[in-house]
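Read the structure below first, then the notes.
The values are calculated or read from the model by the stated rules, or taken from the named source; none is laboratory data. All values reported here derive from a predicted model rather than from experimental measurement. All Cβ positions, even for glycine, are placed from backbone atoms using ideal geometry, and neighbour counts span all protein chains on display. The area values use the complete protein model at the heavy-atom level, side chains included, leaving out ligands, DNA and RNA. Shrake-Rupley method; radii C 1.70, N 1.55, O 1.52, S 1.80 Å.
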Amino acid sequence: MRLYLVILLVLVTLLSIASPVSANDPLLVYYDGPESALKTALNLDASVQFVREPSSADVIVLAGALTDPGSIRKLVEAGKGLILIANPGFTASDLSSLLGEPVILKEQTEPLSLSPVKGVPDALLTEIFWTSSPQIRERMVISGGGFNPLVLGFEDNSLVLGTRTLGAGSVYLFTGELGDANPQFQEWTYFNYLFHHLAQRASR
């Protein structure tokens, strides 16, 4: 009986040592953009720590102008995660430099309903009630870029949320503008979950 207890104690100790601790590790985020509901959403998770340099981050979140896209591209290719939030500071040339292929951007303000891509077993699509989402207006219509669509515009089938890899890193693009734009969308019940989940996934 005593031997059994000793063996059990050893097994429990080994399992506790082998258990992953990633859930308790900080998520290092570099954020470049306006003070907005997006930054607030990221900051709601106690594990998130904002850093001052992209090279120190697990995830780079760009919600403003794309400064030095070549350097960001190298970091992502080396394994950093990247979340892009379309905004007027984006230019097609900078985004092309970042992604390594040509893109065309066009600003649009017509209201757009959001529709998840059917048949994709992704938690972003199955755990979010997308039909409850408010329409977005201010956005960037993108052509090119090599993104796999996750969410599309119901009216025009344009990309709203897409993903792709860039070297060893994961990239997510949301084409709706945030900050002062699309306030109803930023008040949506699933807004915080959406972008927190994106940051967690991009960091893997």
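Hey, can you tell me all the residues within the stretch 134-154 that are crowded, with 20+ Cβ neighbours inside 10 Å, closer than 19 Å to Gly119 by Cα and not hydrophobic (A, V, I, L, M, F, W, C)?
Gly153 - this is the single residue of the stretch 134-154 that is crowded, with 20+ Cβ neighbours inside 10 Å, closer than 19 Å to Gly119 by Cα and not hydrophobic (A, V, I, L, M, F, W, C).
Say we look at the stretch 81-104 and pick out the residues that are small (Gly, Ala, Ser) and part of a loop (DSSP other than H, G, I, E, B); which of these is most open to solvent (accessible area, probe 1.4 Å)? Before you say what the answer is, go through the steps one by one.
Going through the stretch 81-104, the residues small (Gly, Ala, Ser) turn out to be 81, 86, 89, 92-93, 96-97, 100.
Restricting the remaining residues to those that are part of a loop (DSSP other than H, G, I, E, B) gives 86, 89, 100.
Numbers: Ala86: 3, Gly89: 28, Gly100: 46 Å².
Of everything passing the filter in the stretch 81-104, Gly100 is most open to solvent (accessible area, probe 1.4 Å).
Can you name the condition, by its number, that Phe129 falls short on among (1) aromatic (Phe, Trp, Tyr); (2) surrounded by 19 or more Cβ atoms within 10 Å (Cβ to Cβ); (3) at pLDDT below 95?
Among (1) aromatic (Phe, Trp, Tyr); (2) surrounded by 19 or more Cβ atoms within 10 Å (Cβ to Cβ); (3) at pLDDT below 95, Phe129 violates only (2).
For (1) within 16 Å of the chain's Cα centre (by Cα); (2) assigned to a strand (DSSP E or B), each residue gets a yes or a no:
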site	(1), (2)
Tyr31	yes, yes
Thr40	yes, no
Ala46	no, no
Val61	yes, yes
Gly64	yes, no
Ser71	no, no
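If we scan the stretch 56-69, do we find a residue that is more than 17 Å from Tyr172 (Cα to Cα), out of contact with any Phe, Trp or Tyr (no Cβ under 9 Å at 6 or more places or on another chain) and either crowded, with 16+ Cβ neighbours inside 10 Å or not aliphatic (A, V, I, L, M) (or both)?
yes
Could you count how many residues in the stretch 170-204 are assigned to a strand (DSSP E or B) and under 12 Å from the mean Cα position of the chain (by Cα)?
5
Does Ala23 satisfy being of a type in the set (Gly, Ala, Ser), at pLDDT below 90 and open to solvent by 40 Å² or more (accessible area, probe 1.4 Å)? Working first, answer last.
Working: of a type in the set (Gly, Ala, Ser): yes; at pLDDT below 90: yes; open to solvent by 40 Å² or more (accessible area, probe 1.4 Å): yes.
Yes: the conditions hold for Ala23.
Of the residues Arg164, Arg137, only one is at pLDDT 95 or above, over 18 Å from the mean Cα position of the chain (by Cα) and among the basic types (Lys, Arg); which?
Criteria check complete, one pass: Arg137.
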